[in-house]
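Report on the following structure.
The values are calculated or read from the model by the stated rules, or taken from the named source; none is laboratory data. Note that this is a predicted model, so its numbers are computed, not measured. Heads up, the Cβs are rebuilt from the backbone with ideal geometry, glycines too, and the neighbour counts pull from every protein chain shown.
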Amino acid sequence: MSSVVKTTKALTQAPLPDIVEKLGLAIAGAQFALDINSANLAKTMAETNVEIGGNNYNLLSLGFTPTFYAFTEATVEAKLSYTMSEGTSYGGSLEISASGGTPFFMAAATVSASYERKFSVSAEGASSIAAKLVSLPPPERFLEVLRAATPTLPKPANP
């Protein structure tokens, strides 16, 4: 199998489903890590006390809440460019020389032939992954539990 055919076959069998699967799993793992981070931040805020006017308050009881994030979209982009060429060239030359006089005459001929076959393969690729991350308000259930545990927490305004 020629190198041109092998390269073409390799390039056209790019593992796109694997790339999409790995992107999805990476985003799910990153989202989980963000959620754990927000939960740990809530715990740290509950354990961090601030003294105000002789009274101790944890940050949650003062209305601080951890920031929550979510991925809203993700894009994987792959660009592949390749060129292949195959060429054949033939060449030749003939050189004749003659010299002499009477009674001698001399002739010579030089023949040169060439054959050239060229193969060229060039491949370039680029890929990028972009994800959009937005901050979200704390989950409503988190706020309900927080309000029940800390009566001094401000209640939300009625819409």
Revision key, fill the gap. Residue pairs within 6 Å by beta carbon, gap of at least six or interchain, first lying in region 108-128 and in contact (Cβ under 8 Å) with a residue 12 or more places away in the chain and of a type in the set (D, E, K, R), second surrounded by 10 or more Cβ atoms within 10 Å (Cβ to Cβ) and assigned to a strand (DSSP E or B), listed first then second, are Glu124/Ser81
**Study point:** Condition check for Asn37: at pLDDT 85 or above and either under 15 Å from the mean Cα position of the chain (by Cα) or surrounded by 10 or more Cβ atoms within 10 Å (Cβ to Cβ) (or both)
**Key:** yes
Study note, to complete from the structure: If you go through Ser128, Ser61, the only one that is surrounded by 10 or more Cβ atoms within 10 Å (Cβ to Cβ), closer than 30 Å to Ile36 by Cα and of a type in the set (Gly, Ala, Ser) is Ser61
Review point. If a residue has to be more than 15 Å from Ala30 (Cβ to Cβ) and of a type in the set (Ser, Thr, Tyr) to count, how many in region 68-87 make the cut?
Key: 4
Review point. Has region 11-34 got any residue that is surrounded by 15 or more Cβ atoms within 10 Å (Cβ to Cβ), at pLDDT below 85, under 30 Å from Ser122 (Cα atoms) and not aromatic (Phe, Trp, Tyr)?
Key: yes
Review point. Considering only region 72-115, how many residues are closer than 30 Å to Pro17 by Cα and modelled with pLDDT under 85?
Key: 12
Review point. Pairs, please: C-beta under 7 Å, at least 6 apart or cross-chain, first residue in contact (Cβ under 8 Å) with a residue 12 or more places away in the chain and in region 19-41, second among the hydroxyl-bearing types (Ser, Thr, Tyr) and outside any helix (DSSP H, G or I)?
Key: Leu34/Tyr69; Ser38/Thr67
Practice item. Consider only pairs whose beta carbons are under 7 Å apart and that are at least six residues apart or on different chains; among these, list those whose first residue lies in region 77-88 and is among the charged types (D, E, K, R) and whose second residue is surrounded by 10 or more Cβ atoms within 10 Å (Cβ to Cβ). Key: Glu77/Ser127; Lys79/Gly125; Glu86/Val4; Glu86/Phe119
